[in-house]
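The values are calculated or read from the model by the stated rules, or taken from the named source; none is laboratory data. Owing to the predicted nature of the structure, the values given are computational and were not obtained by experimental measurement. A quick note on method: Cβ atoms are made from the backbone with ideal geometry, for glycine too, and the neighbour counts reach across all protein chains shown.
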């Protein structure tokens, strides 16, 4: 996967999750890209890891580890929490998923294969989560860090609000 893999993240101004798109194609393309990325990098995308990624890709909302475990169990992958946690740890470590701190949950990465800091927009009404690449290291935070001699290694931005679909409901 490269930063030019436009099939994974539709181009446009809306972060994936809030814009309309062919979701079945989105899932298929992401799984295929993950398989290729793992093969090229010598990583093992085991059946349980692949299924965990597929589960995360099926919705644009963050899922807790136990919800992922329930779905893995339903697919025949076991019922012990380490099954889910190990698969999720692999996906996060290798950039296929992110942990959404505020929700203590996980979401598939909308920009795999790219170096980026995730910025999450979380709808407080429907729990939809959209990911955009953060510019924290380039904006005021980045300026302050550079002035202090601090090197930012990781940032996570989480904003809570109302998504376009729920805007008229609240």
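Kindly list the number of the only condition in (1) outside any loop (DSSP other than H, G, I, E, B); (2) buried (at least 16 other Cβ atoms within 10 Å of the Cβ); (3) at pLDDT 90 or above that fails for residue 26. Answer for residue 26: the failing condition is (3). Would you pick out the residues in region 121-150 that are touching a helix residue (DSSP H, G or I) at 6+ places or on another chain (Cβ under 9 Å) and at pLDDT 90 or above? Of everything in region 121-150, those that are touching a helix residue (DSSP H, G or I) at 6+ places or on another chain (Cβ under 9 Å) and at pLDDT 90 or above turn out to be 122, 150.
Each row is one residue, and each column tells you yes or no for (1) surrounded by 15 or more Cβ atoms within 10 Å (Cβ to Cβ); (2) modelled with pLDDT under 90.
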{"position": "46", "(1), (2)": "no, no"}
{"position": "52", "(1), (2)": "yes, no"}
{"position": "57", "(1), (2)": "yes, no"}
{"position": "63", "(1), (2)": "yes, no"}
{"position": "71", "(1), (2)": "yes, no"}
{"position": "78", "(1), (2)": "no, yes"}
{"position": "94", "(1), (2)": "yes, no"}
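Yes or no: residue 142 surrounded by 14 or more Cβ atoms within 10 Å (Cβ to Cβ) and farther than 19 Å from residue 56 by Cα? Answer is yes for this residue. Scanning region 123-138 finds one or more residues that are at positive phi, surrounded by 14 or more Cβ atoms within 10 Å (Cβ to Cβ) and touching a strand residue (DSSP E or B) at 6+ places or on another chain (Cβ under 9 Å).
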